[in-house]
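Each remark here refers to the structure printed beneath this line.
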Amino acid sequence: MHYGATRPSVLKYDPFKAIIAPRPIGWIGTLNADGVPNLGPYSFFAALGSHPHMILFSSEGLKHSYVNAKERGEFTFSLATEALTEAMNVSSAAVADGANEFELAGLTLGQSVEIATPFVAESPAALECVTVEATQIHDRDGNPVDRYYVIGQVVQTHIRDEYVRDGRFDTAAARPIARMGYRDYSTVTEAWELLRPEELAKADS
Ligand SMILES: Cc1cc2nc3c(=O)[nH]c(=O)nc-3n(C[C@H](O)[C@H](O)[C@H](O)COP(=O)(O)O)c2cc1C
């Protein structure tokens, strides 16, 4: 099966998000113009590169996180985990600007070091980011679409001590949740290791 602009009727629902899955959830903290904390999950989210470490989230429509990250020039990322599922979901509710989703979700404000925006203190790991780009997306014909992305540079990394093992962040122990298609999520529960070809060759010699 393949298709272009028109999805065949046998596919009742768009499989796009089920194919690009699982997607990590960018749990984005911002401050609004009055300094009120805002929190929302974004699964159109990615790590763009390291050194400098950069992350991206994308907003379908002009949502508070995009506007705040653009206007304030900063945002936080907190790792959404199985234990925090309910809070993550509560923070996705469409509430008015100025409604503090940290409070609505019963979360504690983590105190950032280099920026003013808080992160989720209960999360095993969080990143403080400075906005380097906040832009509207254009389609293939150059027409603006109602989609917007933010790129942030990581300036501080927070890790709860209990998740550091042998000098590493223990991702599986944190049990991060990820978004798939439809209403589906998945949980990272185990890790397996694979060496790169160059490393395998070195191990053999
Ligand atoms: C797991 C999850 C992932 C989501 N990912 C996105 C996303 O990538 N882009 C988006 O625009 N909305 C996404 N949403 C919806 C937003 O979280 C929701 O619209 C929220 O109210 C936005 O909050 P804000 O206006 O405070 O930024 C997602 C919701 C959930 C539950």
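The values are calculated or read from the model by the stated rules, or taken from the named source; none is laboratory data. Bear in mind the structure is a predicted one, so any value in this text is a computation, not a measurement. Cβ: placed from backbone, ideal geometry, glycine included. Neighbour counts: every protein chain shown. Accessible surface is based on the protein model in full, side chains and every heavy atom, while ligands, DNA and RNA are left aside. Shrake-Rupley method; radii C 1.70, N 1.55, O 1.52, S 1.80 Å.
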- [ ] Can you grab the distance from the C-alpha centre of segment 186-205 to the C-alpha centre of segment 46-103, Å, no decimals?
- [x] 32
TODO: Mind checking which of S92, A125, N143 is farthest towards the positive end of segment 16-204's charge dipole, using Cβ charges of +1 (Lys, Arg) and -1 (Asp, Glu) about the Cα centre?
DONE: N143
Task: Y182, Y163, Y13, reordered so the largest accessible area comes first (probe 1.4 Å) - done: Y13, Y182, Y163
- [ ] Taking the Cβ of L195 as the centre, find all other residues whose Cβ is under 15 Å away and add up their charges (Lys, Arg: +1; Asp, Glu: -1).
- [x] -2
